[in-house]
Amino acid sequence: MAENPAYPVGLRLTGRRVVVLGGGQVAQRRLPALIAAGADIHLVSPEATPSVEAMADAGEITWTKRPYEDGDLADAWYALIATSDRQANTDASAEAERHRVWCVRSDDADAATAWTPATGHSEGVTVAVLTTNAKGRDPRHTAAIRDAVVEGLRDGTLVAPHHRTRTPGVALVGGGPGDPDLITVRGRRLLAEADVVIADRLGPRDLLAELPPHVEVIDAAKIPYGRYMAQEAINNALIEHAKQGKSVVRLKGGDPFVFGRGMEEAQALAEAGIACTVVPGISSSISVPGAAGIPVTHRGVAHEFTVVSGHVAPDDERSLVDWPALARLRGTLVVLMGVDKIGRIAETLIAHGKPADTPVALVQEGTTAAQRRVDATLATVAETVRTEDVKPPAVIVIGEVVNVGVHSPLNASE
């Protein structure tokens, strides 16, 4: 075989006959991509793995239950030869050559007329990596390159700008609890593609330093409010930049719809006719306790957990929380934005029947390098916050799970 590099090409197999010989593990790995390509797949094999058999049962492939016979590749556009019979593979490969059918051989790549690249996908892009020639082929190396490229596209570290016209709009992106590694893959990719980022102070700040120089970063806390309320001014800024034809990311801490006013922003965008994408984020109500070694549920201890906002005190007429009902629950209570109100929250829970010795943990700056955990009880938590100088942002966990957890902090990013 000549030492020339393989010529890469994308096969459009929709409705075209593809023959697969052998129903083992190789076929099991390759068939899903062929099915996704819309190929008319004919499997020839006396037996198959349960997964391949399920594909046949579902009508995704046509299965002829016998060994390979000469003539099976007639009228095929593409063939995958993967039987355990080397002579049958050689004969089928020869038939493919006669009929000018491109074929892949699992047992002898050098004897095949085509190679299967290591492939991966990211938002409408297929990445395919091929070794340049037969000599020294290393499938693990090509797979590693594939993985690196796909991961870079997904997390935004490998930026490939769009040069065709993009539809302007806004993405409400949940940035997670603080550790930049805990943002979703889609959120990170949208950040990398943004023209404008309007960020909350509780969003993962480290990610902003990675943005390309042309990206305009706006601190939501510093938007001039003038005659507008803060949220209304943020809504107007989102609309204004989107109407300029820009791709805008609203980067929020945690999840946009967990005490993040994400729906208010989505509604304002909808009224303005602006396209809006919502990217969920990891909520601090679960992730921060977990990072501190506290499970919000645990078998035999807590079969429920409730997340409430503590930004207004229980006796405030604006409060929508049924604190007496919460005091009667046996599960875990997670309080967000409640550091400065925790004294009155604890008093209210105790007054309505919650034991004063109920364990409490406060996790400050959860999942970041500054994370710390302070333990108390409902009776002592107010004083503990003062003496330990606990500052927002902190997640407060109330319940017996506090004593179940691992008291040395876990590293949630590893």
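The listed residues are GLU365, GLU304, and the only one of them that is on the phi > 0 side of the Ramachandran plot and surrounded by fewer than 19 Cβ atoms within 10 Å (Cβ to Cβ) turns out to be GLU365.
Residues of the stretch 299-321 that are in a loop (DSSP other than H, G, I, E, B) and within 17 Å of PHE259 (Cβ to Cβ): GLY310, HIS311, VAL312, ALA313, PRO314, ASP316, ARG318, SER319, LEU320, VAL321. Here ASP357 passes the criteria (1) of a type outside the set (A, V, I, L, M); (2) within 29 Å of the chain's Cα centre (by Cα); (3) closer than 18 Å to ASN403 by Cβ except the one numbered (2). Just one of the numbered conditions (1) under 32 Å from the mean Cα position of the chain (by Cα); (2) modelled with pLDDT under 95 is not true of ILE61: (2). For the stretch 74-100, the set of residues classified as closer than 12 Å to GLY22 by Cβ and either under 39 Å from the mean Cα position of the chain (by Cα) or surrounded by 12 or more Cβ atoms within 10 Å (Cβ to Cβ) (or both) consists of ALA79, LEU80, ILE81, ALA82, THR83, SER84, ASP85, ALA88, ASN89, ALA92, listed by residue number.
The residues on offer are ARG372, ARG386, and the sole one that is at pLDDT 95 or above and either under 28 Å from the mean Cα position of the chain (by Cα) or closer than 14 Å to GLY290 by Cα (or both) is ARG372.
Checking VAL52, VAL44 one by one, the residue that is among the hydrophobic types (A, V, I, L, M, F, W, C) and not in a helix (DSSP H, G or I) is VAL44 and no other. When the residues of the stretch 368-389 are narrowed to those that are closer than 27 Å to ARG205 by Cα and not aliphatic (A, V, I, L, M), which ends up surrounded by the most Cβ atoms within 10 Å (Cβ to Cβ)? In this case the residue turns out to be ARG373. For the stretch 30-47, name all the residues that are surrounded by fewer than 20 Cβ atoms within 10 Å (Cβ to Cβ) and of a type in the set (Gly, Ala, Ser). Hits for the stretch 30-47 are ALA33, ALA36, ALA37, GLY38.
Note on the stretch 48-62: among residues that are of a type in the set (Val, Ile, Thr) and touching a Leu at 6+ places or on another chain (Cβ under 8 Å), the one that is surrounded by the fewest Cβ atoms within 10 Å (Cβ to Cβ) is THR62. Of everything listed in (1) under 19 Å from VAL301 (Cβ atoms); (2) exposed (fewer than 15 other Cβ atoms within 10 Å of the Cβ); (3) among the hydrophobic types (A, V, I, L, M, F, W, C), the single unmet condition for VAL401 is (2).
Being among the basic types (Lys, Arg) and without any contact (Cβ under 8 Å) to a residue 12 or more places away in the chain holds for only one residue in ARG30, ARG98, and it is ARG98. When GLY71, GLY22, GLY10 are checked against the criterion of being loosely packed, with under 14 Cβ neighbours inside 10 Å and assigned by TED's automatic domain parsing to the domain that holds VAL127, a single residue qualifies: GLY71.
Would a scan of the stretch 349-359 turn up a residue that is out of contact with any helix residue (DSSP H, G or I) (no Cβ under 8 Å at 6 or more places or on another chain), under 16 Å from PRO289 (Cα atoms), buried (at least 16 other Cβ atoms within 10 Å of the Cβ) and of a type outside the set (Lys, Arg)? No, that holds for no residue. Screening ASP322 against (1) in the same structural domain as ALA230 (by TED's automatic domain parsing); (2) out of contact with any helix residue (DSSP H, G or I) (no Cβ under 8 Å at 6 or more places or on another chain); (3) among the acidic types (Asp, Glu) leaves a single unmet condition, (1). In the same structural domain as ALA118 (by TED's automatic domain parsing) and surrounded by fewer than 16 Cβ atoms within 10 Å (Cβ to Cβ): does that describe ALA27? Taking the combined requirement at face value, the residue does not satisfy it. Using the structure shown, decide if GLU95 is at pLDDT 95 or above and in a helix (DSSP H, G or I). For GLU95, the condition - at pLDDT 95 or above and in a helix (DSSP H, G or I) - is met. Output the qualifying pairs, or none if there are none: Cβ atoms under 8 angstrom, residues six or more apart or on different chains, first residue in the stretch 321-341 and free of Cβ contacts under 8 Å to residues at least 40 places away in the same chain, second residue assigned to a strand (DSSP E or B) and surrounded by 18 or more Cβ atoms within 10 Å (Cβ to Cβ). Filtered contacts from the stretch 321-341: VAL321/VAL308; LEU326/VAL308; LEU326/LEU333; ARG330/ALA302.
The values are calculated or read from the model by the stated rules, or taken from the named source; none is laboratory data. Please read all numbers here as calculations on a predicted model, not as lab measurements. As a convention, Cβ positions derive from the backbone with ideal geometry for all residues, glycine included, and neighbour counts pool all protein chains shown.
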